């Protein structure tokens, strides 16, 4: 380190301007700040991690079918009673009784990822009902995490309508 006129020291290898390492540290620090701000806004903004319910026209492409011996209206009423999957809180985000649709959601937290779970109930061929449970994850989320969440929700719906 070389002392300068005002008592400020600089590295001997620097030629008066910031070195490449300094720019990399600055860019990495700016990236960390941006990620922190985005996480803060997504958690505390819009009602603590809640996002608006998307328009759901039909069952999403990621879905599973569940059979129930109960009629569709009773099955939907039982689906609305699901309050948690493990330690993740589940709530009713929307419902349209005329279409046979209940949309459940989990909250954004360490265990929940703010997914929506549309459940469509139709009359089954054998007198019961057929429920199609789907998942609508936030845009950057995909892969095994989404498949695992869908499987857990389908199991919870199967247990609720049994």
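The values are calculated or read from the model by the stated rules, or taken from the named source; none is laboratory data. Because the structure is predicted, anything quoted here is derived from the model rather than measured. Heads up, the Cβs are rebuilt from the backbone with ideal geometry, glycines too, and the neighbour counts pull from every protein chain shown.
Being in contact with a strand residue (DSSP E or B) (Cβ under 7 Å, 6 or more places away or on another chain), under 30 Å from residue 93 (Cα atoms) and modelled with pLDDT of 75 or more is a property that does not hold for residue 37.
When the residues of the stretch 77-95 are narrowed to those that are surrounded by fewer than 14 Cβ atoms within 10 Å (Cβ to Cβ) and in contact with a helix residue (DSSP H, G or I) (Cβ under 8 Å, 6 or more places away or on another chain), which ends up modelled with the highest pLDDT? Filtering the stretch 77-95 for residues that are surrounded by fewer than 14 Cβ atoms within 10 Å (Cβ to Cβ) and in contact with a helix residue (DSSP H, G or I) (Cβ under 8 Å, 6 or more places away or on another chain), the one modelled with the highest pLDDT comes out as 81. Residue 132 meets the conditions (1) under 13 Å from residue 62 (Cβ atoms); (2) outside any strand (DSSP E or B) in every case but one. The failed one is (2). Per the listing 127, 98, the residue uniquely surrounded by fewer than 15 Cβ atoms within 10 Å (Cβ to Cβ) and in a loop (DSSP other than H, G, I, E, B) is 127. Residues of the stretch 56-93 that are in a strand (DSSP E or B), more than 12 Å from residue 120 (Cα to Cα) and within 16 Å of the chain's Cα centre (by Cα): 84, 85, 88, 89, 90, 91, 92, 93.
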